[in-house]
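The next block holds one structure in the form of structure tokens; read it before the comments.
The values are calculated or read from the model by the stated rules, or taken from the named source; none is laboratory data. Quick caveat, the model's predicted, so the values are computed rather than measured. We place every Cβ from the backbone using ideal geometry, glycine too, and count neighbours over all the protein chains shown. Heavy atoms of the whole protein, side chains included, go into the accessibility calculation; ligands, DNA and RNA do not. Shrake-Rupley method; radii C 1.70, N 1.55, O 1.52, S 1.80 Å.
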Amino acid sequence: MIFEYFYKRPYLLYSIIVGFFVMGIIGLIKLPKNLFPDSNPPKIVVITKVPGATAKVVASTVSKPIEEELSRLGLVTDVSSVNVPNLSIVSAEFGYKKGLNAAAVDVANALNVAKAKMPKDLTPAIYEAGDFTLPVDIISLSPKNNSINLSEIRKIADSFIKPHLLSNKNIGNVEVFGGYQSSINIEIDPFKAKKYNIDFDTIIKVIMAQNKDIPVGFVKGKNSFFTVTIYGEKDNILNLENLLIKPNIRLKDVADIKWSYQKRTSGYIGNGKNAIALSIQRSPNGSVLDVSKSARAEMAKLQKLYPNIKFEISDTQRDLIEQANTNMLEALRDAVIYTLLVIMVFLGNFRAIIAAGLSIPMVFFITIAIIWLMGGELNIVIYTAIILALGMLTDDAVVVLENIERHLNQTKENLQTAIKNGTKEVLSPVFAGTLATIAILFPLMFVGGFPQKIFKPLIETLIIALLVSYFLSITFIPLLSSYLYKNGTGKTKIEEAFEWFYQNTIGRLVKPYEGVLKFSNPKSWTKIPRRVFLTMGVIAFLIFSLKNVMPTIGKDAMPPMDTGIIKAQIAFSANENVDTAEKKLTPFLKWLDNQPWVVRSSIAFGSEAGVLSLGSGNLPTEATITINAVNRFDRKKTLWELEDIIRNKLSKLEGLKQNDVFDFGATALSSIKATVDTRITSPNLDGMSKYSKKVEEEMKKVKGFTSVSTSWDKDFTEYIIDVDRNKALQYGITPINIAMQLPIKGEVVSLNANLASMNTQYIRLYLKDRFTKNLETLKLFPISTKFGDIPLSQIATIKKDLTYSKIERDNMQYSLDVNGYRAKRPVTHLTEDTIKEIEKVKESGFNLTQTGDYAQIQDSFQRMIKAIALGIVILIMSLIAIYKSIRMSFIMILVLPLSMIGAAWGMLIFNKPSCMPSLLGILLLFGIIIKNAVLLIDFYQEYRKDDTPFNSAIKSVTVRFRPVMMTAFGTIAGMVPIALEQAIGLERLSPLADVAVGGLLIGTLLTLIYIPMYAYIFDGEK
């Protein structure tokens, strides 16, 4: 037996406790610290550059073949793509059972098959994505003075700063973003080229002959796509100028060559200044704080190396996580104080305070030590689990101590005998209570999907804490008792004052409970009607509560939280460029810079191939804005009030087409695009954009949306060159000959590089600006024929039309999302109202599905309800095994549904929706209620040996009233910091405490009535 073994070997026990205590302190310092556990499923992204291709061409010729192969992979749950001009981004999401590396290998193998169906010379790149993709820090690089510009900073960032940062072993990855990629620009004058009878194909071939590497690239002109991107292997502009195109004709004779930067398709603004961004990322399962500390240490070194560059942090997770960890430790401190105060009020016993006061830090540090040894991490979920365990773990210690004291006072045994007998007497109920709590929580660790991923660490921590608590209560507390009671059980005046207070307040409630039990057992024919009244009355109230309260509060996957981080997705006309979009945003930036609640801001325009953490899939005129505000404890306005202000300011910007402002973590998973996402899917592209506008208008009628927008549109201007075949043939050329002479494909030639200095220099080929300004200049473009040069307009008509700026696909069909963003209204209310509204505009050929948080709610709730049901089954089996009584086991279980009355009203009073944390709260509530029920039944059976069933029921209530109430209120006290959301991010988990607090208040009161009542009613022994 554990108790006897360690009671005889106290120094072994002390050594074990001290050893784990020290390891716990080390673990608290060393453990990786994050906000929440990594919860996003494995995701692989395939990015392919397709120079010169429209979004429609990219989708049909590149993304579709890749999607077909990825959809065949095992454990793949979703395959989608974002297609923009010149770029294909295909994402494959896998089930949690699939490892990230295994998923990447499968995707690589699938791509080998897909390449046979794709255009030649394309090189898809594979990237792993997940929670670790989110930037830990974004370092903004901007010029301190006029001695350096952004294109030069970009060059330094790519060639020197990024490799320097990656040399630090703690940093997982670094992505450089912000445009201004350096290049040698060759601006060709087509008239000079024609004068020397030189076509573009000749120029490209000459440069390719001089160079080896042929990477993919693309350049956007000011108004249209008119450029050829080429690269080189020499860094010397003079060499390029003197490159012989034909005998005695050099490149400089037909073109201007200069060192500049690519026409931008991306841009970055950090803290209000145009800049180059360095996105610092952690490796999978890495620590945010460790990575941030390493990155900032390296940043300090880099500032000395590059004094003309200003290094600033423009976005970070670090402040949020440090604030949350500090808040959680403060919440833990407060929970301990509240719990000890409750113990003092109920017991009036300094010895119990000492026992609990020593047990709590021991359990805390031993639990941390075990988590550290198991390779875990610290986050809000882990801290919450430890706080939740406080009430339960103090109960174990106090139950043992109280029973030892009872033996000393009532049986007059000597101290050692009282310690042994008193401890042995409660070994069984304490073990049964601990086992019952673990049994009902255990199934949640294996439900699969998102609930398992997010809550498994919490359940594991709770189980560890409960087992540690049980171990200490039957080993350390008995040894401690020999010191606490060596001078007897006498009480001080302060303890007597607390005892008087309890007996004259809470203690008086024992009589009403005895009265209810006596009411249920009169010596007359009214016995059965009274019992039916008590039973049916509480069942009716349960049904009323569930039927009326639950629909009112609605459902969320995870409730909104005020992290102080505001996100915005904005868009200007797709026909503009990065420069004009940045200028239009200037008034907002000036206003933002003057707001006292703003700490930092990060704005990313457009996309860059290979960069996932910033702007992935954005068009050049689309921007993702991140604003870090002062934490909610130090500002007056809530996050949602600030969002309204920002949304209003953005709406005043000229030409703004999209204005979605929402909170960081607005959806349960980052892969979910919006709170409410009505996805339109169709095998045909035509008509989707037009139909989405109808759906958008209907969704705007739904109460609770702050904004509604579509994910893409048919709004991009393109030039259509309609060649007159007859006229072309008269000049001896074909449409293909004409297309070959127009530098609009984005053909790649070569790359200049000095490998010794890593000074890679791209070479890009452009038409002179006067030929790319507008439609009329394009008409004058000279086309070579066997009869001489003629203007393009001679054989073709050129007109403007609208095409797709972006196209998305999902599960092998074209998809368009109509996204609705909210402040706080529950997801189910929003989604149900949305479904009613869009029903009015349903059309054949288009399929409508809800893929936002609603889909996650449906899946997660099914999984968690199954876990609750399985937990109850396991609990019944455990109780039957322990008590060898089916009847008594079911009596203990019957009270569990009654606690749902308090749970429902608790959520309503705290204004919280039903959500995954609240379902977890129900499991936890059941665990605590069953623990009290176990102790009541255990004492009932003990008294039943010598007395009648009814008298035994009365005695069990009288004796166990105080510890049962103390356990309930001690647990509630421990949960107060969670319910009051005393830490950043606790809004996510506070429904757990709201449910438990409400359920414990009502459930404990009902437990003390119905458990003893049904125990004596259904007692089969006479």
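Remarks
- Accessible area in the full protein assembly, largest first, 1.4 Å probe, for Ile494, Ile721: Ile494, Ile721
- Sites Phe160 and Tyr14, calculated FRET efficiency, Cβ-Cβ separation with R0 51 Å, nearest 0.05: 0.35
- Cut-off under 5 Å, modelled amide H: who pairs with Ser707 long-range: Tyr821
- Charges were assigned to the Cβ only: +1 to each Lys and Arg, -1 to each Asp and Glu. The resulting dipole of the chain about its Cα centre is roughly 280 debye.
- Exceeding the 18 Å Cα-Cα cut-off - candidates Lys43/Lys567; Lys115/Lys673; Lys693/Lys806; Lys8/Lys420: Lys43/Lys567; Lys115/Lys673
- Counting only heavy atoms of the protein chains and using a 1.4 Å probe, Asp644 has close to 80 Å² of accessible surface.
- Placed amide H near Gly348: partners under 5 Å, 5+ positions off or other chain: none
- Contour minus Cα-Cα distance for Ala881 and Tyr719 (0.36 nm per residue): 50.4 nm
- Multiplying the residue separation of Glu654 and Asn911 by 0.36 nm and subtracting their alpha-carbon distance yields 88.6 nm.
- Taking every protein chain into account, the 1.4 Å probe leaves Trp259 with about 150 Å² of accessible area, to the nearest ten.
- For the pair Met1 and Lys637, label points projected 7 Å from Cα toward Cβ lie 6.6 nm apart.
- In nm, spacing of pseudo-spin labels at Thr777 and Lys547 (7 Å Cα→C-beta vector): 7.5 nm
- When the P(r) of segment 577-657 is calculated, the portion above 16 Å amounts to 57% of the C-alpha pairs.
- Taken as Cα centroids, segment 531-571 and segment 650-698 sit 28 Å apart, rounded to the nearest whole angstrom.
- For Thr61, solvent-accessible area (1.4 Å; no DNA, RNA or ligand), Å²: 50 Å²
- Using C-alpha pairs below 8 Å separated by at least 6 residues, the relative contact order for the chain is 19 percent.
- About the Cα centre, charge dipole magnitude for segment 309-422 (Lys/Arg +1, Asp/Glu -1 at Cβ), debye: 460 debye
- Couplings 3J(HN,Hα) of segment 605-615, computed from phi: 9, x, 9, 10, 4, x, 9, 9, 7, 9, x Hz, in residue order, whole Hz [Karplus 6.51 cos²θ - 1.76 cosθ + 1.60, θ = phi - 60°; x for Gly and Pro].
- Using R0 = 30 Å, the C-beta based FRET efficiency linking Gln794 and Lys56 works out to 0.55.
- Loop-located GluC sites (Glu not before Pro) across segment 445-507 with a Cβ neighbour count of 10 or fewer within 10 Å are lacking, with loop assigned by DSSP.
- Only one residue of Gly564, Leu614, Val578 has its Cα farthest out toward the positive end of the dipole of segment 489-618, where Lys and Arg carry +1 and Asp and Glu -1 on Cβ, and that residue is Gly564.
- Annotation: amide H-H contacts under 5 Å for Ser805 (H modelled 1.01 Å from N, sequence separation of 5 or more, or interchain): Asp713, Asp715, Phe716.
- Apportionment of accessible area to carbon and sulfur, the chain, percent (1.4 Å): 57 percent
- Full extension of the segment from Asn951 to Asn421, taken as 0.36 nm per residue of separation minus the current Cα-Cα distance, would add 188.3 nm.
- Comparing Cα centroids, segment 267-297 and segment 66-105 end up 27 angstrom apart.
- Ordered from highest to lowest accessible area with the whole protein assembly present and a 1.4 Å probe, Trp591, Trp712, Trp525 read as Trp525, Trp591, Trp712.
- Backbone HN-Hα couplings from phi across segment 694-710 [Karplus 6.51/-1.76/1.60, Hz, Gly and Pro as x]: 5, 5, 4, 4, 5, 5, 5, 7, 6, 5, x, 7, 8, 6, 9, 8, 9
- 3J(HN,Hα) along segment 879-890: 5, 4, 5, 6, 9, 6, 8, 5, 4, 5, 5, 6 Hz, from the Karplus curve 6.51 cos²θ - 1.76 cosθ + 1.60 with θ = phi - 60°, whole Hz, x for Gly and Pro.
- Mean separation of Cα pairs under 8 Å and 6 or more residues apart, divided by the residue count, gives segment 929-1013 a relative contact order of 40 percent.
- Each helix, a run of at least 4 DSSP H residues, gives -39500 (n - 2.57); summed and divided by the residues of the chain, these come to -16500 deg cm²/dmol at 222 nm.
- Cβ-Cβ FRET estimate between Ile539 and Ile835, R0 fixed at 25 Å, reported to 0.05: 0.15
- Rolling a 1.4 Å probe across the protein heavy atoms gives segment 966-1022 an accessible surface of 24 Å² per residue.
- Positive dipole terminus of the chain, leading residue within Leu466, Asn146, Ala356 (C-beta point charges): Ala356
- Segment 106-214: C-alpha gyration tensor shape, a/c 1.5 cut-off, then a/b vs b/c: oblate
- Rough spin-label spacing in nm, given labels placed 7 Å along Cα→Cβ, for Lys412 and Lys205: 11.8 nm
- Taking only the C-alpha atoms of segment 45-162, Rg followed by Dmax gives 17.7, 55 Å.
- For segment 511-662, accessible area per residue (1.4 Å probe, heavy atoms of protein chains only), Å²: 44 Å²
- Where Arg9, Arg530, Arg154, Arg600 fall by accessible area, highest first, once all protein chains stay in place (1.4 Å): Arg9, Arg530, Arg600, Arg154
- Quotient of Cα Rg and 2.2 N^0.38 Å for the chain, N being how many residues it contains: 1.15
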